[in-house]
RNA sequence: GCGGACGUGGCGGAAUUGGUAUACGCGCCAGGUUUAGGUCCUGGUGGGCCAUUGGCCCGUGGAGGUUCGAGUCCUCUCGUCCGCACCA
């Protein structure tokens, strides 16, 4: 008997798959295209090539591969491609440090990833391989950019960026630590620079609504909904009479308009200086605004920090009651959201409340809980221990009216739907929702307000003042202004530079020969755009390119993409739940609007994978506790490493890696190997029927055959039910254990050759999606054919059934006995069996049976008194 | 604060619709094979109490509830993790 040598077995099968191009799948119109099979596009998020693949990669590709194999054997034409998200900061930072060109480091890393994907035996169609940093790819990234530009979905606008005055450089947000430059410690300034944006906000509603129709985890959908942050409310106009300017504000609570007691503008609001001009507050406003604008977003957004602001020395008129309320500038109001100005209702908003307290402004309650007997005893509205006293924490007798609802302790934020308006003119007494509607309608009649929707989502800022990215294909001409590079001049190649370090401009600016160009429109001198694109742009369409990866005439052929899209199963980490998945959805919708695509959503189904911890701890460089997949693949083989990451827990949950556990899975694979060795050596292939039973062989095959069919059924259902590979593998373990116990008849008659061969081949077949090398090896040894060419097995229903079952007997819901019963026994027979057991007799002694619960095929519960 | 996920043996984790809690693996214990160790094969292994076979009680973070019956459903509560967060 040969020992289990995974290295040898795995090399053998990998060679077969590579030589024969087993996992290549043709496009329509190509030879060998099989239009009788339905398509299935199984896609794992493409890796960012940095160093070598880690254990998370092993997990996510093991999952994707299991799905791909399962789909193939269920009759699908499966595309599983591979590529690399190869542009990006880590390679560039490494270049700054070491001087090694990012392309060189990236290519090295890609070679390593490619090597390991093959070594892991992942069933990839390598003819579709791509790297986003390759000109044959980014040419089309640039082309898409130009399409979006043409459509008005890409535009330029001034935006604030972080600037270090000492290094004379723009900094990425991650390079700003506590408001200071991470390299020299100089406080960072904010500069307004022209930046490129994609108009993703135009798609906010569609991105929100279309979440309904896709099969994604609920928590990911929720994150996307929160990120889009759609709020319905009203835009209401407040007028500054002194200067004759109207200021619209957005509010979700028009019902609280009568409680607006002041008005606040964001420091970035363009009118702030104009408003303060000539007032005694002018100097203080300038000082405040300059300080606020220079502060980091992180500092400003800390919720604990006390409210600050200064008066503008002006007032606006509240349109619902004509009251003049004071104007302030304060940094808790954000320019990016709504209109950059708010009406402040301190009685019903925590932030406004904090501000009012700090500046001693009026807090006027206009919404109160509807009358409720429990809450308002007629005699003593604030008796100690009553609802009111508890809210404010004060003894009775000391409460002012407005404090009854808790104003003294904080704003009243009731959302029970039971609130009614007070102190609100004609609207007093209305419920909150009713008042929201009525007040908005009333204001809309004379143009002082209208229903409005606001979003948290911002346009996508895509320019990066960085080297290692896709050049933005536009030029600036003194005569013609901004000119897109014509399609036939693409790609705009990324030039080589000596110094990658950012200097306030993109490093590309130093490539003078490259920057200086000629205007495609007038032929005059022009300069190239030196910013590069965010790498999320590259990864927002790669799944389209896979469909038609070798097309050098177009980004893709629409018919070819139509034949593959949408992706049927997308698999990746939750860390991309928002940005990547939102951007890719936006791209697909925009491209569909340009009549370049025929789908509205890229990813029909999404599966997010859990993290792997080690011995209960998160893996991190500070702990130095990384699991290096190479180490395990070399020691135990790829099949063990892959099976283990799938076995330790449900794939969407976090799972804990232990070295002992790996050994357990390796033991199991070796056990299956030895079973195969023994079976092949000592049994003869027999002519067997479909379920593996033969009539002319000695032995007692039924128990083992039943177990094999049980395993087929269990594994199939576990995969169908949300990819529960952990329990699927456990079922194959049970089958192998059963084969060991029954092969020599430890409990009676040996199982016989046919049953043993069937059980062994079935174990190999069921294990194939998880441990493809061993699965193929075992199956070939027993059956003489290639398991991936065999359809996925189907259980024989008659083998899943049994003549008898274990009847559970309970007395008062407690388990008292188990007894074998015929499957078709009638209810009264089951009760008779239950009553016949010793344990039941004991528990029934002297008691009266008041009820008999009988669940046929399951249990009898006798209720006694 | 808002939103979401999760709490089950010594450990990782199982448990279709409410119906035998702890499958499978690790660890541990016992027996066997082997020149020996590792390997390999078989069996046992939630806790407590009594015991000769066996039996009784408790047990899925905690407290209630619904039900003949709850890990599973409902209410409250504690804890851990994740996402968002001055978004008007």
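The values are calculated or read from the model by the stated rules, or taken from the named source; none is laboratory data. Computed from a predicted model, the values in this text were never measured in an experiment. When we count neighbours, we look across all protein chains shown, and the Cβ atoms used for this are built from the backbone with ideal geometry, even at glycine.
Note on the range A:723-753: among residues that are modelled with pLDDT under 90 and either part of a helix (DSSP H, G or I) or under 34 Å from the mean Cα position of the chain (by Cα) (or both), the one that is farthest from RNA strand B (Cβ to nearest atom) is A:753.
Of all residues in the range A:201-237, exactly one satisfies the criterion of being within 12 Å of RNA strand B (Cβ to nearest atom), closer than 19 Å to residue A:722 by Cα, in contact (Cβ under 8 Å) with a residue 40 or more places away in the chain and loosely packed, with under 15 Cβ neighbours inside 10 Å, namely A:219. In the range A:843-865, which residue that is touching a residue at least 40 places away in the same chain (Cβ under 8 Å) and more than 6 Å from RNA strand B (Cβ to nearest atom) is surrounded by the fewest Cβ atoms within 10 Å (Cβ to Cβ)? By that ranking, first place goes to A:857. Going through (1) outside any loop (DSSP other than H, G, I, E, B); (2) crowded, with 21+ Cβ neighbours inside 10 Å one by one, residue A:706 falls short only on (2).
Here is a yes/no grid of residues against (1) loosely packed, with under 15 Cβ neighbours inside 10 Å; (2) touching a strand residue (DSSP E or B) at 6+ places or on another chain (Cβ under 9 Å):
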site	(1), (2)
A:10	no, no
A:16	yes, no
A:25	no, yes
A:46	no, yes
A:59	no, yes
A:85	no, yes
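Filtering the range A:72-100 to residues that are in contact (Cβ under 8 Å) with a residue 60 or more places away in the chain and within 30 Å of residue A:717 (Cβ to Cβ) leaves A:72, A:73, A:74, A:75, A:79, A:81.
In this structure, is residue A:534 buried (at least 23 other Cβ atoms within 10 Å of the Cβ) and under 19 Å from residue A:131 (Cα atoms)? It is true that residue A:534 is buried (at least 23 other Cβ atoms within 10 Å of the Cβ) and under 19 Å from residue A:131 (Cα atoms). Note on the range A:266-298: residues that are over 16 Å from residue A:159 (Cα atoms), within 16 Å of RNA strand B (Cβ to nearest atom) and in a loop (DSSP other than H, G, I, E, B) amount to 1.
Just checking, how many residues over the range A:814-828 are more than 11 Å from residue A:859 (Cα to Cα) and away from RNA strand B (no atom under 11 Å from the Cβ)? Total satisfying the criteria: 6. Candidates are the residues of the range A:238-256 that are in a loop (DSSP other than H, G, I, E, B) and within 9 Å of RNA strand B (Cβ to nearest atom); the one that is surrounded by the most Cβ atoms within 10 Å (Cβ to Cβ) is A:253. With the condition kept exactly as written, say whether any residue in the range A:624-637 is at positive phi, touching a helix residue (DSSP H, G or I) at 6+ places or on another chain (Cβ under 6 Å) and not in a helix (DSSP H, G or I). For the range A:624-637, residues at positive phi, touching a helix residue (DSSP H, G or I) at 6+ places or on another chain (Cβ under 6 Å) and not in a helix (DSSP H, G or I): present.
Kindly indicate whether residue A:520 is at pLDDT 90 or above and either away from RNA strand B (no atom under 16 Å from the Cβ) or part of a helix (DSSP H, G or I) (or both).
yes
Being within 13 Å of RNA strand B (Cβ to nearest atom) and at pLDDT below 85: is that true of residue A:840 here? It is true that residue A:840 is within 13 Å of RNA strand B (Cβ to nearest atom) and at pLDDT below 85.
Among the residues examined, residue A:32 does not qualify as out of contact with any helix residue (DSSP H, G or I) (no Cβ under 9 Å at 6 or more places or on another chain) and at pLDDT 95 or above.
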